[in-house]
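Q: Submitted below is the structure of interest, expressed as structure tokens.
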């Protein structure tokens, strides 16, 4: 007779008319008894990994036009904001008498899904696509940029500390014969991509076609002046 008790097989029998002393033997493990702990262990590992693989995505400011401080806007001479633009576009007051000094600054945020995994795949793919396109031709009114590079720092904002990756391009646009120097900095922080565009021209007469595009150094200085505040607005 075989009885199973608490995972041990107890063998009781009779041999040659003499009683056989019961001997304890380990019970053979059934497939169910082996597989169940493995499944439970795998499930526990997946549950434990979930919090580290997912986190809440960064959020962007509701109104990009409120990102820059009054001091920064005053230093750049940016007095007017176009709130009808999906981005925020600031412009200076060039005056009415030549020489005219035209300066524009544009800030645009793009946020991915509310929850992202640790690789921020969507934002990384978007950033890669943007850099590829901008390195080739950043605007329908411009040709290949004369300056294009990845950036590790813009203003006081540093890669690895304030943002994850970034690039910069400088080019000259021509619209209806008027030429402007334009620079674009694109930064990624987690699931958010922010674009800063600065542009302008110095016009010695009342005719915009006589304008001289501002150079790369001037554009970079404008972007450097606002980068820290623009990135800090991502929460």
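Q: Those residues that are more than 19 Å from residue 202 (Cβ to Cβ) and either modelled with pLDDT under 95 or not in a strand (DSSP E or B) (or both), I need them from the stretch 81-107; list them, please.
A: Scanning the stretch 81-107 gives 81, 82, 83, 84, 85, 86, 87, 88, 89.
Q: Given the structure, is residue 186 closer than 23 Å to residue 140 by Cα and surrounded by fewer than 19 Cβ atoms within 10 Å (Cβ to Cβ)?
A: No.
Q: Would you be able to say whether some residue in the stretch 108-119 is in a loop (DSSP other than H, G, I, E, B), surrounded by fewer than 19 Cβ atoms within 10 Å (Cβ to Cβ) and touching a strand residue (DSSP E or B) at 6+ places or on another chain (Cβ under 9 Å)?
A: yes
Q: Additional query: Which of the residues spanning the stretch 147-158 are assigned to a strand (DSSP E or B) and crowded, with 17+ Cβ neighbours inside 10 Å?
A: 148, 154, 157
Q: Going by the conditions given, is residue 167 over 21 Å from residue 60 (Cβ atoms), surrounded by 17 or more Cβ atoms within 10 Å (Cβ to Cβ) and in contact (Cβ under 8 Å) with a residue 12 or more places away in the chain?
A: Taking the combined requirement at face value, the residue does not satisfy it.
Q: Quick one: which of 144, 126 is assigned to a helix (DSSP H, G or I) and touching a strand residue (DSSP E or B) at 6+ places or on another chain (Cβ under 8 Å)?
A: 126
Q: When the stretch 40-79 is examined, which residues are found to be over 27 Å from the mean Cα position of the chain (by Cα), at pLDDT below 90 and surrounded by 11 or more Cβ atoms within 10 Å (Cβ to Cβ)?
A: Within the stretch 40-79, 79 is the sole residue that qualifies.
Q: Kindly list, by first and then second residue, each pair from a residue in the stretch 136-158 that is at pLDDT 95 or above to a residue that is surrounded by fewer than 13 Cβ atoms within 10 Å (Cβ to Cβ) and outside any loop (DSSP other than H, G, I, E, B), limited to pairs with Cβ atoms under 6 Å and residues at least 6 apart or on different chains.
A: Here the result reads 141/175, each pair linking the stretch 136-158 to a residue that is surrounded by fewer than 13 Cβ atoms within 10 Å (Cβ to Cβ) and outside any loop (DSSP other than H, G, I, E, B).
The values are calculated or read from the model by the stated rules, or taken from the named source; none is laboratory data. Note that the coordinates shown come from a computational prediction; the quantities given were computed from them, not determined experimentally. In this analysis, Cβ positions are derived from the backbone assuming ideal geometry, glycine residues included, and neighbour counts consider all displayed protein chains.
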